[in-house]
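Below you'll find the structure, written out as structure tokens, and then a few comments.
The values are calculated or read from the model by the stated rules, or taken from the named source; none is laboratory data. Since this is a predicted model, take the numbers as computed values, not measurements. Here the Cβ positions follow ideal geometry from the backbone for every residue, glycine too, while neighbour counts run over all protein chains shown.
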Amino acid sequence: MIAGHRVAALLSFEGPDRYASVGGLGTRETSFARALGDNEVDTTLIFVGDPTLPAVEDYAPGVRLRRWCQWISAFHPRDVYDGEANKVRDYSASVPAFVVDDIVVPAIGAGTRVLVIAEEWQTVGATIALDALLRERGLRDRVTILWNANNTYGFERIDWAALQAAASVVTISKYMKFELARIGVPALVVPNGIHEHLLDGPPRELVTLMRSAMRGKPALVKVGRFDPDKNWLQAIDAVAELRAAGQTPQLVVRGGKEAYADVVFAHARERGLRVETVEADGDDAAAVAAALAATDAEIVQLRAFLPEATLHALYAAADAVLANSGKEPFGLVGLEVMAVGGIPVCGATGEEYAEPFVNAIVCDTNDGRELAAYLLASYGDERRADRMRQAGYATANRYVWQNVIETLGQKVAYIASKA
């Protein structure tokens with residue numbers, strides 16, 4: 001229970017399906033829902049799911065999935081953001097009535113309050129409509145509505161006055177709080193969390209397998225959308241600088257389908273780096289390892305959807321994981337890397353948990369020479385690497401969802417007290 005709320009609804013475009021898991025939001029929503037269920041909060045995650053999967057699914061103890069907009073997604077098979085405009089309209093029009101009739105009314109009948117947490121700009125219309133419908137039905141005082149900003153994407157599309165009248169605005173870091181303050185929107189901070197199971201780490205045999213496959217040293221991994229904000233060019237320049245310093249680096253890349261990939265790989269070739277694309281069945285860890293072992297290119301684009309265990313084994317096996325975004329609202333990947341025993345390279349914006357050369361490598365610029373210098377200083381110093389891995393693991397323990405949910409409970413109690 002969270003401050004008298006035994007029932008929760010999470011409104012998000014992303015979720016656990018491969019179709020709906022494009023970035024960190026899908027990871028957040030999935031682990032957040034599971035954590036709420038673990039805390040005996042009856043939770044429904046309403047997201048734009050795979051059109052070929054069941055509309056309703058009991059996902060984990062206390063957690064039910066509701067795949068929305070499936071009739072639209074059937075015409076847009078690429079991913080959750082394919083056909084986004086139509087999905088936003090449908091979601092905004094149909095989700096509020098479902099939340100009121102199927103979640104709020106039964107919960108009130110059972111004598112409990114309802115917590116609704118909506119995520120990102122795509123759910124703003126649904127949030128405002130939900131508030132209006134609850135007021136029309138005389139139920140608004142039994143529901144706490146939060147709208148969470150994970151990023152600044154889509155801020156220009158939001159009617160901030162209407163949103164603030166409908167919900168309490170929360171966000172995930174002090175950096176994002178200041179970004180919201182720049183446009184005159186006050187917000188409470190509730191950080192992201194990780195599920196406790198991550199602290200168990202990937203199977204050791206998988207880590208050994210991936211470590212043997214990544215023969216280049218320093219062995220680097222970078223996972224994320226191909227977007228300039230992710231500082232891809234800094235990563236490429238750092239590999240070139242390491243090579244010029246006499247190292248034999250290899251950067252394993254798993255990106256998205258964005259056109260910016262062409263810019264990234266063209267830059268790599270301009271810097272004299274070999275780029276090779278390898279494909280493998282991501283569900284077969286041995287096949288992934290074999291594909292990586294078969295190439296000695298400096299930049300390896302891995303095309304495979306990796307299960308969590310295999311991805312985390314890559315994180316743990318690498319000398320460093322480049323989560324070096326130029327503008328990062330929170331940096332969930334960096335925290336996940338710490339949890340599974342890896343060393344993250346972070347930027348210097350929302351990653352408030354990252355301490356330079358204590359639990360992470362932190363870059364203040366987008367200069368590849370800065371990143372290369374820090375990697376050179378760290379590579380080969382096994383004692384320092386071990387200390388950083390241990391400190392990172394201790395940091396990750398502080399951000400498990402159980403701790404974050406305690407913070408959320410205090411913020412929810414404060415919001416409810418003002419109503």
Cβ-Cβ under 9 Å, sequence separation 6+ or interchain: first residue in segment 23-46 and outside the structural domain of residue 172 (by TED's automatic domain parsing), partner among the hydrophobic types (A, V, I, L, M, F, W, C). Which pairs? none
Give 305, 330 a once-over and let me know the one that is buried (at least 23 other Cβ atoms within 10 Å of the Cβ), part of a loop (DSSP other than H, G, I, E, B) and out of contact with any Leu (no Cβ under 8 Å at 6 or more places or on another chain). 330
With respect to residue 189, determine if the residue is of a type in the set (Val, Ile, Thr), under 30 Å from residue 341 (Cα atoms) and surrounded by fewer than 20 Cβ atoms within 10 Å (Cβ to Cβ). yes
Can you tell me which residues in segment 5-64 are β-branched (Val, Ile, Thr) and closer than 20 Å to residue 307 by Cβ? 22, 27, 30, 52, 63
Condition check: surrounded by fewer than 23 Cβ atoms within 10 Å (Cβ to Cβ) and touching a strand residue (DSSP E or B) at 6+ places or on another chain (Cβ under 7 Å). Does residue 79 satisfy that? no
Within segment 47-58, work out how many residues are over 20 Å from the mean Cα position of the chain (by Cα) and either under 21 Å from residue 336 (Cβ atoms) or in contact (Cβ under 8 Å) with a residue 24 or more places away in the chain (or both). 2
Report those strands (runs of 3 or more DSSP E) wholly inside segment 166-266 carrying at least 1 residues which are without any contact (Cβ under 8 Å) to a residue 40 or more places away in the chain. 168-171
Residues that are under 19 Å from the mean Cα position of the chain (by Cα), buried (at least 22 other Cβ atoms within 10 Å of the Cβ) and among the β-branched types (Val, Ile, Thr), drawn from segment 1-42: 30
Quick one: in segment 226-267, which of the residues that are in contact with a helix residue (DSSP H, G or I) (Cβ under 8 Å, 6 or more places away or on another chain), of a type in the set (Gly, Ala, Ser) and closer than 28 Å to residue 329 by Cβ is surrounded by the fewest Cβ atoms within 10 Å (Cβ to Cβ)? 255
Does segment 108-160 hold any residues that are under 19 Å from the mean Cα position of the chain (by Cα), part of a helix (DSSP H, G or I) and of a type in the set (A, V, I, L, M, F, W, C), and which are they? 121, 155
Out of (1) in contact (Cβ under 8 Å) with a residue 24 or more places away in the chain; (2) surrounded by 22 or more Cβ atoms within 10 Å (Cβ to Cβ); (3) not basic (Lys, Arg), the one residue 61 does not meet is (2)
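Within segment 41-64, which residues are over 14 Å from residue 102 (Cβ atoms) and in contact with a Leu (Cβ under 9 Å, 6 or more places away or on another chain)?
Answer for segment 41-64, where residues must be over 14 Å from residue 102 (Cβ atoms) and in contact with a Leu (Cβ under 9 Å, 6 or more places away or on another chain): 41, 47, 49, 53, 54, 57, 58, 59, 62, 63.
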If you take the residues in segment 268-289 that are among the hydrophobic types (A, V, I, L, M, F, W, C) and farther than 13 Å from residue 314 by Cα, which one is surrounded by the fewest Cβ atoms within 10 Å (Cβ to Cβ)? 287
Looking across segment 354-374 at residues that are of a type outside the set (Asp, Glu), more than 22 Å from residue 227 (Cβ to Cβ) and in contact with a strand residue (DSSP E or B) (Cβ under 8 Å, 6 or more places away or on another chain), the single one that is surrounded by the most Cβ atoms within 10 Å (Cβ to Cβ) is 374
Looking at this structure, is residue 298 buried (at least 23 other Cβ atoms within 10 Å of the Cβ), assigned by TED's automatic domain parsing to the domain that holds residue 257, of a type in the set (Asp, Glu) and more than 22 Å from residue 195 (Cβ to Cβ)? yes
Mind checking which pairs have a first residue in segment 86-100 that is in the same structural domain as residue 46 (by TED's automatic domain parsing) and farther than 14 Å from residue 13 by Cα and a second that is surrounded by 15 or more Cβ atoms within 10 Å (Cβ to Cβ) and hydrophobic (A, V, I, L, M, F, W, C), Cβ under 6 Å, 6 or more apart or different chains? 96/126; 96/129; 96/130; 96/133; 99/9; 99/130; 100/133
